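Colleague: Provided herewith is a single structure, encoded as structure tokens, for subsequent inquiry.
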Amino acid sequence: MTHAAQVTSAPRELDVAIVGAGFAGMYLIHTLRKRGFSVRAFEAGSDVGGTWYWNRYPGCRVDIVSMEYSYQFSEDLQQDWEWSEKYATQPELLKYARHVADRFDLRRDIQFHTRVQSATYSDKSGRWSVETDQGERISAQYFILATGILSAPNLPPFEGLDSFEGDFYHTGKWRHAAVDFSGRRVGIIGTGSSACQAIPLIAEQAASLTVFQRTANYVIPAHNETLRPEAVAAIKRVYPEFRANNKKYPFAFSFESTGKSALEVSPAEREQAFEAAWARGGLMFMGVFNDLLTNHEANATAQDFFRRKLLAIVRDEATATALMPDFALGCKRLIVGTDFYETFNRPNVRLCNVKDTPITRITPKGLIVDGKEHELDAIVFATGFDAISGPILNIDIHGKGGVAMRDKWQNGPSCYLGLMPAGFPNLFTITGPGSPSVLSNVLKSIEQHVDFIADCISGARAQGLNVIESNEDAEQAWLVHVDEIASRSVFKSCNSWYLGSNIPGKPRVFTAYIGWPQYAAELENIREDNYRGFHFGAVERSGSVTAG
Ligand code: N01
């Protein structure tokens, strides 16, 4: 069967217009359709999958174990689907997304090759007018942004890029045709998750690889492996209980922890615990003690352990030293990698530090650092994303009274519960700013938000209400609350995309809620408390507001 999509024209009137057909958009279609809403998702790509559609660079895979990073809404689906590896690769994740789209017949409500350009709320009708790059205008009661967290690639404006005679690539928008680096001199800019996954594989192929590093990062071994059938069967026997248990963890995925402070144990016990966590590998190295993310002194013990590991792996001491991060472990997202540090022992790999002497310009033959030209046949930009708010602000959105989202968010994104910005009635964000999103098993967070919205708008419809708005005071209180929690952690002590500080000029606001179980409990309280912080009303098609 072919997955090639066709552009079909959208119905002019919809209950719900959705932006994006990644995991969030797909589950929205499935859920809202079952509740009797007419829906349509507008997707710029040619297929479903979102992140896993666009990010096709070598080595791309998920950093949460596959048995957890998957939909939970269908027991049949989770029983039938077979993951092959502990951490699924991008092709396998895309295959899964396609399977879900086919299994639940989602494609008939997705319009591919279509980018939503603008959306305007009408105070008079209480509806959104949505315009696409295909020249269509759609009227929708609800406008839902399933735009993803990391879907607006950041390509810094390097002078001279147009003049480069070789090929260049961005990890977040990788080309679909296979890329062969054999025999080529490759440069990669960045050492975030994307780069650290790609570097070992590009190094194996390329004649030479130069890694242009601005900020060294923490890379924890993945210890990826083929999943053993008996281990999978053991989880599948109790999948619902397994899922329920995972939701009790701070980030809604499971990990092993000593449950102790790193400072309350003896040095020998601490070393043993770090060694065990290193041997297990993965993101939750930072969870081995309960205060690594909240206490700088405790965090320093993890940094010390990490540095010793790094020195033991990388043979050249100067390179090892240059690869050492100088900020709290976990402050930027930890990277889960395979053979990343080992790759710097290869004779064809070189590290070039661009922190003190940035890349000044790109030339026809390569790029210039510290006055020296590095000749390259290909450049890989692994320079990340304008995260969380970026994909939303790429759409020209106007809410009540014509206020632009870009103006509302000029000092940083504010969004009640990460679900609805005040002043933008009937507009919802999935895993939006101020929700656990990036600091959670995002598949679970997606389901949580979609279920909440489905209940909210179904309840409103049952009461004849068609305008839902979040309250300005509730939104501001939420913003303060999210920041207070972050301030009690190490997360605000470095520059990271969580804070928006990877994008020049972007306001520095911590945009993720830390603590999935607390967030889930609050969402439940709000639902039971008659959707506290939201205001419901009705607009007749003639335009009069009738209820509050
Ligand atoms: O992006 P990043 P990413 N000159 O922003 C550097 C998820 N993800 O695509 O740190 C030189 O982390 C920049 O330097 P600095 C995951 O959540 C997950 O790698 O700003 N360098 C940095 O090193 C991850 O956190 C997986 O100083 C420049 C790099 O580019 C998130 O996506 C895999 C520069 C960007 O790193 C983003 O990861 C991949 C410049 N002008 C991604 N501008 C999994 O494992 C930027 N940089 C699931």
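Colleague: Just to verify a number: what accessible area does Ser501 come out at with the full protein assembly present, 1.4 Å probe, Å² rounded to tens?
Modeller: 40 Å²
Colleague: List the lysines whose Cα sits under 27 Å from the Cα of Lys124, skipping any in the same chain fewer than 8 residues away.
Modeller: Filter leaves Lys400, Lys408.
Colleague: For the range 302-362, what % of the accessible area comes from carbon and sulfur atoms, probe 1.4 Å?
Modeller: About 47 percent, which is the carbon plus sulfur part of the accessible surface.
Colleague: Using a cut-off of 22 Å between alpha-carbon atoms, which lysines can reach Lys248, once sequence neighbours fewer than 8 places away in the same chain are excluded?
Modeller: By straight Cα distance, Lys248 reaches Lys86, Lys236, Lys260, Lys444.
Colleague: Turning to a different aspect of this structure: Spelling out what I want: for every residue of the range 35-50, take phi, set θ = phi - 60°, compute 6.51 cos²θ - 1.76 cosθ + 1.60 (Karplus), and round to whole Hz; glycine and proline get x.
Modeller: Calculated HN-Hα couplings, in order: 7, x, 8, 7, 9, 8, 9, 10, 10, 5, x, 9, 7, 6, x, x Hz.
Colleague: Determine, for each peptide in 506-517, 382-393, the mean count of other beta carbons within 10 angstrom over its residues, then list the peptides with the highest first.
Modeller: Numbers: 506-517: 20.1, 382-393: 23.1.
Those peptides, ordered most packed to least, come out 382-393, 506-517.
Colleague: Please report the relative contact order for the chain, taking Cα pairs under 8 Å with a sequence separation of at least 6, and give it as a percent rounded to a whole number.
Modeller: Working: 1122 pairs, mean separation 105.4, N = 548.
Computed value for the chain: 19 percent relative contact order.
Colleague: Continuing with this model, one more query. Using alpha carbon coordinates only, what is the Rg to Rh ratio of the range 419-516, with Rh defined as the Kirkwood radius?
Modeller: Details: Rg = 15.1 Å, Rh = 14.8 Å.
In the range 419-516, Rg relative to Rh is 1.02.
Colleague: Here is a follow-up. Largest first, how would Arg346, Arg137 line up by accessible area (1.4 Å probe)? Spell out each step's value before the answer.
Modeller: Working: Arg346 85, Arg137 140 Å².
In descending accessible area the options line up as Arg137, Arg346.
Colleague: Moving on. To the nearest 10 degrees, how steep is helix 90-103 against the longest Cα principal axis of the chain, on a 0 to 90 scale?
Modeller: Tilt relative to the chain: about 20 degrees.
Colleague: Would you kindly find the accessible area of Val39, with a 1.4 Å probe and non-protein molecules such as ligands, DNA and RNA excluded, rounding to the nearest 10 Å²?
Modeller: 10 Å²
Colleague: Principal axes first, then extents: for the Cα atoms of the range 134-291, list largest minus smallest coordinate on each axis, whole Å, largest first.
Modeller: Largest to smallest, the principal-axis extents are 57, 52, 36 Å.
Colleague: Run down the lysines and flag those whose C-alpha is under 26 Å from the C-alpha of Lys372, throwing out any fewer than 8 positions away in its chain.
Modeller: Lys372 reaches Lys355.
Colleague: Can you list the cysteines of the chain that have no other Cys Cβ under 4.7 Å away?
Modeller: So, Cys60, Cys196, Cys352, Cys415, Cys456.
Colleague: Taking the full set of protein chains and a 1.4 angstrom probe, give the accessible area of Glu264 in square angstrom, rounded to the nearest 10.
Modeller: 120 Å²
Colleague: Rounded if a/c is under 1.5, else prolate if a/b beats b/c, else oblate: with a ≥ b ≥ c from the C-alpha gyration tensor eigenvalues square-rooted, which is the range 292-411?
Modeller: oblate
Colleague: Please say if the range 49-200 is rounded, prolate or oblate, where rounded means a/c under 1.5 for a ≥ b ≥ c the square roots of the C-alpha gyration tensor eigenvalues, and otherwise the choice is prolate for a/b larger than b/c and oblate otherwise? Walk me through the numbers before you get to the answer.
Modeller: Numbers: a/c = 2.42, a/b = 1.21, b/c = 2.00.
Verdict is oblate for the range 49-200.
Colleague: Nearest 500 deg cm²/dmol is fine: what mean residue ellipticity at 222 nm does the chain get from its DSSP H runs of n ≥ 4 alone, each adding -39,500 (n - 2.57), divided by its residue count? Provide the component values of the computation, followed by the final result.
Modeller: Values: 16 runs with 166 residues, N = 548.
Theoretical 222 nm ellipticity from helices: -9000 deg cm²/dmol.
Colleague: Where the only charges are on Cβ atoms (+1 Lys, Arg; -1 Asp, Glu), what is the dipole of the chain about its Cα centre, to the nearest 20 debye?
Modeller: Values: 55 positive and 63 negative charges, 94 e Å.
Computed charge dipole of the chain: roughly 440 debye.
Colleague: Classify the range 200-286 as rounded, prolate or oblate from the Cα gyration tensor: take a ≥ b ≥ c as the square roots of its eigenvalues, call it rounded if a/c is under 1.5, otherwise prolate when a/b beats b/c and oblate if not. Working shown, then result.
Modeller: Working: a/c = 2.27, a/b = 1.27, b/c = 1.79.
The shape class here is oblate.
Colleague: Roughly what % antiparallel, to the nearest 5, for the DSSP beta bridges in the chain? Please list the in-between numbers first.
Modeller: Details: 28 of 68 bridges.
If I count the DSSP bridges inside the chain, around 40 percent turn out antiparallel.
The values are calculated or read from the model by the stated rules, or taken from the named source; none is laboratory data. As the structure is a computational prediction, the values presented were derived from the model and not from experiment. Cβ atoms come from the backbone with ideal geometry, glycine included; neighbour counts cover every protein chain shown. These accessible areas exclude ligands, DNA and RNA; they are computed on the full protein's heavy atoms, side chains included. Shrake-Rupley method; radii C 1.70, N 1.55, O 1.52, S 1.80 Å.
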